[in-house]
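Undergrad: Got a structure here, written out as structure tokens. Questions coming.
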Amino acid sequence: MPHLPAMDPWLWSRTLAETYAAGLDPQGVGRAQRDARLRRLLAAAAEGSPLYRERLLGRAGGAAPTTLDGVEPVSKAELMQRFDDWATDRAITLAGAADFVADPARLADAYLGRYLVWTSSGTTGQPGIFVQDEASLAAFDALDLLRFQGHGPAALPGMAFMPGQRYAYVAAIEGHFAGVASIERLDRIGASMAPAFWPALAWMRPAVQTFSVLQPLPQLLAQLEAFAPTILISYPSSADLIAQAVAEGRAALRLREVWVGGEQLSAEQRAHITRVFDCRIRNNYGASEFYSIAWECPQGRMHLNDDWVIVEPVDRDDRPVPPGEASHAVLLTNLANRTQPLLRYRLSDSLRFLPQGCACGSGFPAVEVQGRADDTLTLHNHEGHACRLLPLALMTVIEEGAQLTQFQLLANGVHELELRLEAGVGDPAAAFARAQGALTEYLAQEGLHNVRVVHGCEPPRCHPRSGKLSRVVAAG
Ligand SMILES: [Zn+2]
């Protein structure tokens, strides 16, 4: 039996009870919980983390702040550079954590005997390593159990993983990423509990299987058909691609729900996926830095779990943006994790608080999120047949295969990809050669031997439609 991260039943039940109470009264109980958690987090960070001690107390020393006022924002690059000074558990080191995540076989195992560790896929420039302690895992579980079905005032506990359902998780699974690590952990918990408590009910254990989005589509479709999921969990772009295949009769899937996250869900994608599968689609907003930032209510609006996470919309200079206005970035504070604290951590998403609230009646703030917007690329093989490539698959190929994160990939027509590198990439020629090798191999696997990969000398450009600096940009 693999070693699971720590899960104290008392802490877990208390977290569930607190989260339930906050759901009944987000503005009162929820706010009070949030403020108390923030004070404890600031005190723990100032006491146990050398990096935050410096930032929160200054060189002169003094008392830890009790609010975020005046707390300097921090970036992933800064935290990764000073990784060994970051955690309040001083046994957590970059060497140890990097060594742990370098072994794919240790996915969802306990790091240092108690933590879950995952990496961000580096799509914001540089991969990060995030260590989840027992308190943050309990918070994610509580949010899953209590809020996933909606944020209404009377939301009842509804299992995120329902007995008897078949879950297909289609994503980048070749690494310790937040999604696949969480799925694997939940599946292991199910496996460890089922025989102990209800051997006769083992059939009720939800079936969960992960599928790589990096493999050629026909192969993925065949695997999905064989598994016959009732729930598909994926990125909007790949769920859309699968829906397209089903609409064209290239695969037969009967789904009860589609859960998407990790990318912007466009109105067209939502309409298409819903039409093809004739089922409910649930959109969520999370990040490696906090897995369950916001979920969609039945009105189709995102509501922030602001009893567990603080997000502050800010402009280019980290100044607050008023409600109703879209931000340039957000500053995220994870209230659950006091082991590897995140205080005013800069995320490059654009977010807008909706001042008018939401018709569903939830007391959790309604927000609109503009996450990453990358394009699905359409390329042609030598016979002229179109083949669509997912942005997250292409990014993973470059990041993992070439260890390169500062790039932009553009489609020039249907037979050529142009890779542009950001200023600051050490040896551009060597970096390009590595990326070209990884991409060429991936393209060949997709039957696109004819597609050329060229080195673009200009710097990355903003997306023609969103104006954002996307990593993968379609032709035109
Ligand atoms: Zn709502």
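The values are calculated or read from the model by the stated rules, or taken from the named source; none is laboratory data. Because the structure is a prediction, the values reported are computed rather than measured. All Cβ positions, glycine included, derive from the backbone under ideal geometry; neighbour counts span all protein chains shown. Heavy atoms of the whole protein, side chains included, go into the accessibility calculation; ligands, DNA and RNA do not. Shrake-Rupley method; radii C 1.70, N 1.55, O 1.52, S 1.80 Å.
Undergrad: Run the paramagnetic zone check for Arg39: 7 angstrom along Cα to Cβ, then residues of segment 299-340 with backbone nitrogen under 19 Å.
TA: What the label zone holds, given the 19 Å backbone N cut-off, is 307-310, 334-338.
Undergrad: Which cross-chain or sequence-distant (5 or more) residues have an amide H under 5 Å from the amide H of Gln299, H modelled 1.01 Å from N in plane?
TA: Residues meeting the criterion, in which the H sits 1.01 Å from N, do not exist here.
Undergrad: Then there's this: Describe numerically, in nm with one decimal, the distance between label points set 7 Å from Cα along Cα→Cβ at Glu268 and at His415.
TA: The answer from the label model is 2.5 nm.
Undergrad: Counting only residues 5 or more places away or on other chains, whose amide H sits under 5 Å from the amide H of Phe177 once H atoms are built in the peptide plane?
TA: Result for Phe177 returns Thr119.
Undergrad: Then there is this: Carbon and sulfur: what percent of the chain's accessible surface (1.4 Å probe)?
TA: About 54 percent, which is the carbon plus sulfur part of the accessible surface.
Undergrad: Report the full-extension gain for the segment Glu174 to Arg31: residue separation times 0.36 nm, less the Cα-Cα distance, to one decimal in nm.
TA: Extending this stretch completely gives an extra 47.6 nm.
Undergrad: If I take every Cα pair under 8 Å that is 6 or more residues apart in segment 1-128, average their sequence separation and divide by the length, what percent do I get for the relative contact order?
TA: Averaging sequence separation for qualifying contacts and normalising by length gives 28 percent for segment 1-128.
Undergrad: How much length is gained if the chain between Asp317 and Ala98 is pulled fully straight, taking 0.36 nm per residue apart and subtracting their Cα-Cα distance, in nm to one decimal?
TA: The Asp317-Ala98 span can extend by a further 75.6 nm.
Undergrad: Next question. In nm, give the distance between the simple-model label positions of Asn450 and Ser192, each being 7 Å from the Cα along the Cα-to-Cβ direction.
TA: 5.3 nm
Undergrad: Could you do me a favour and compute the accessible area per residue for the chain, 1.4 Å probe, result in Å²?
TA: Result: 42 Å² of accessible area for each residue.
Undergrad: Of the peptides 448-454, 373-379, 48-54, how do they stack up when ordered by the mean number of other Cβ atoms within 10 Å, highest first?
TA: My ranking of the peptides, most packed first, is 373-379, 48-54, 448-454.
Undergrad: Quick one: which residues, 5+ away or cross-chain, put their amide H under 5 Å from the amide H of Val74? H built at 1.01 Å from N.
TA: So Val74 has HN proximity to Tyr345, Arg346.
Undergrad: Sticking with this structure for a sec: Could you work out the percent of alpha carbon pairs in the chain separated by over 41 Å, rounded to a whole number?
TA: The proportion of pairs with Cα distances above 41 Å equals 16 percent.
Undergrad: If you plug each phi of segment 256-270 into the Karplus form 6.51 cos²θ - 1.76 cosθ + 1.60 with θ = phi - 60°, what whole-Hz ³J(HN,Hα) values come out, in order, with x for Gly and Pro?
TA: 9, 8, 10, 10, 10, x, x, 8, 5, 9, 7, 4, 5, 4, 4
Undergrad: Could you pull out which residues in segment 270-302 have an amide N less than 18 Å from a spot 7 Å beyond the Cα of Ala386, following the Cα-Cβ vector?
TA: Label zone hits: 270-273, 276.
Undergrad: Calculated from DSSP H runs of 4 or more alone, at -39500 (n - 2.57) each and per residue, what is the 222 nm mean residue ellipticity of the chain, nearest 500?
TA: -10000 deg cm²/dmol
Undergrad: Mind computing the radius of gyration and Dmax over the alpha-carbon atoms of segment 377-473? Å is fine for both.
TA: 12.7, 39
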